[in-house]
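Down below is the structure, laid out as structure tokens.
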Amino acid sequence: PIFASEATAAKLLDMKKAEFQHLVAQGHLPDGKEIAPGRKRWSIDLLQRIGGGQEVSGLADVKW
């Protein structure tokens, strides 16, 4: 898939859904995009970049 539901996005980042929701609400993780009314999805590519450290700001010198 190119997009993930909230539950799948949480699983991809090895988190419980509630933890994922909290981090999104706090702005630590990006919110999903509404692709249709009531259908919010997260980009798999973006989730992979987050998991790989490419989307972290201020830590460019960290070796992942």
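The values are calculated or read from the model by the stated rules, or taken from the named source; none is laboratory data. Since we're looking at a predicted model, the values are computed, not measured. Note: accessible area is taken over every heavy atom of the protein model, side chains too, but ligands, DNA and RNA are not part of it. Shrake-Rupley method; radii C 1.70, N 1.55, O 1.52, S 1.80 Å.
Working note: Karplus 6.51/-1.76/1.60 with θ = phi - 60° gives the range 34-45 the couplings 6, 8, 7, x, x, 10, 9, 9, 10, 6, 4, 4 Hz, where Gly and Pro are set to x. The helix-based estimate of mean residue ellipticity at 222 nm for the chain, built from -39,500 (n - 2.57) per DSSP H run of four or more residues and divided by its residue count, is -10000 deg cm²/dmol to the nearest 500. Accessible surface of the chain, 1.4 Å probe: 52 percent of it comes from carbon and sulfur atoms. Note on the chain: Lys pairs 8 or more places apart or on different chains, Cα atoms under 21 Å apart, count 6.
Backbone geometry of the range 19-25 corresponds, through the Karplus equation with coefficients 6.51, -1.76 and 1.60 at θ = phi - 60°, to 3J(HN,Hα) couplings of 5, 4, 4, 4, 5, 5, 4 Hz, x marking Gly and Pro. Taking amide H as placed 1.01 Å from N in the peptide plane, the amide H of residue 55 sits under 5 Å from that of 50, each at least 5 places away or on another chain.
With protein chains left intact and a 1.4 Å probe, residues in the chain average 76 Å² of accessible area per residue.
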